[in-house]
Every structure is written in structure tokens, then in C-alpha cells.
Amino acid sequence: MWHRLSHHCPLCGALLVRAHVEGRDRARCSSCTFVLFENPASAAAGVVIDERRRVLLVRRAIEPFRGSWALPAGYQEIDEDPRATVVREIREESGIEVEVGELFDLLFVLAEARKPANLAVYLCRPRGGILKPGHDALEAAWFDLTRLPEDLGFDNGPRILHRLRERGG
Ligand SMILES: [Zn+2]
């Protein structure tokens, strides 16, 4: 399970201690009144579908799911709209430029050794760029929705791509 890295109060620098605050165990400053309310991280993924009903996937170069195919996705920067996260992550991981469409799903992702995250999944259309894997991808490729790779990371297969295929893209 993910563990918080900060052990000191961001306001006064004193040690944080566990205390029962507003209904659950939380980290509270041992000196001032600061309470650390921990929240899930925010991440966004793009389902890029081209005019031939193929989906853009990247083969992950990093853990978790190293070597598996997944939708391009990543964490949202603090000042970034999730749609901008999607555009940036797809560009970084695959070289493809996209136009972001409707919100397809919002997944709560619990993964070992990572902070839990809300993952916003957007449908996208390619608008240009040249297919080329980024530094955290081994490969980037287009797959027919009816011929997806077996090795799909995260909940990408059952939760997103199979459902998308069933609804007809
Ligand atoms: Zn403090």
C-alpha cells in the first residue's frame, strides 16, 4: 500500500503524528493546528480512435505493468486541466497530436506502491504528429479494436477497451 512521504508539518516544520480527526486516523502536526488531509492523486488517460477504428496504445517501459500495452496516461500537473494532461501525455508517449472529446469514464485506481488516483478517461481523435515512442514507452502502435493485444495493463482491457468495443466505438 502507498505510504505518505511527508513526515513534517508544511506550516511549522514540526513532526506530524497520527491522531483521530474528523472521523478517521490522520496526520496532525504535533505543534500547531495543521491537519494533513490526504486525497487521491489525479491522472488522465486518452483513448485515441482513428478513422479506421483503431486505438492508440503504448507498451510501457516502466513499472507497474512494464512490457504491457496501455492507453497513454499520466498524472495531472498542479496547474493543468485534465484535458491538457491528456494532450501532453499522448504527445510525450507516442508523438501523436490529438483533439480531446467527451469524458468516457472516471476510474478510481488502487495500485500497490502508488498513491491511489482518480483517472479521467477521455475519447480523442488524432490530429497529426508522427508515431514515435517516448522515453517511458517501448513501442507505440495502432490496434484494431477487435484485435487488441492480450497483454493489457491496469484495467485498460475489461474496464475501458472491451466496453468501448461493445458499444461500437
Ligand atoms: Zn505545524
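Data for the structure
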| read-out | value |
| --- | --- |
| Share antiparallel - DSSP beta bridges, the chain, percent rounded to 5 | 80 percent |
| Local electrostatic count, R24, Cβ distance below 13 Å [Lys/Arg +1, Asp/Glu -1] | 0 |
| Whole-number percent relative contact order across the chain, with pairs defined as alpha carbons under 8 Å at least 6 apart | 24 percent |
| Cα-projected label distance for E150 with R18, points at 7 Å along beta-carbon direction, nm | 4.3 nm |
| Per-residue [θ]222 nm for the chain (sum of -39500 (n - 2.57) over DSSP H runs n ≥ 4, rounded to 500) | -3000 deg cm²/dmol |
| Filtered chymotrypsin sites (Phe, Trp or Tyr not before Pro), the range 1-101: DSSP coil and at most 16 other beta carbons within 10 Å | W2, F34, F37, F65 |
| The range 25-80: trypsin sites (Lys or Arg not before Pro) falling in loop per DSSP and having at most 15 other Cβ within 10 Å | R52, R53, R66 |
| Viscosity 0.692 mPa s, 37 °C: Kirkwood-radius Stokes-Einstein D of the chain over Cα pairs, µm²/s | 187 µm²/s |
| Computed label-point distance, nm, for sites H162 and E97 using a 7 Å Cα→Cβ extension | 3.7 nm |
| Burial ordering of C124, C32, fewest other beta-carbon atoms within 10 Å first | C32, C124 |
| FRET efficiency for I78 and R114, using Cβ-Cβ distance with R0 set to 22 Å, rounded to 0.05 | 0.75 |
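Every read-out reported here was derived from the displayed coordinates using simple, explicitly stated rules and does not represent laboratory data. All values derive from a computational prediction rather than experimental measurement. Please note: Cβ atoms are built from the backbone with ideal geometry, for glycine as well, and neighbour counts cover all protein chains shown.
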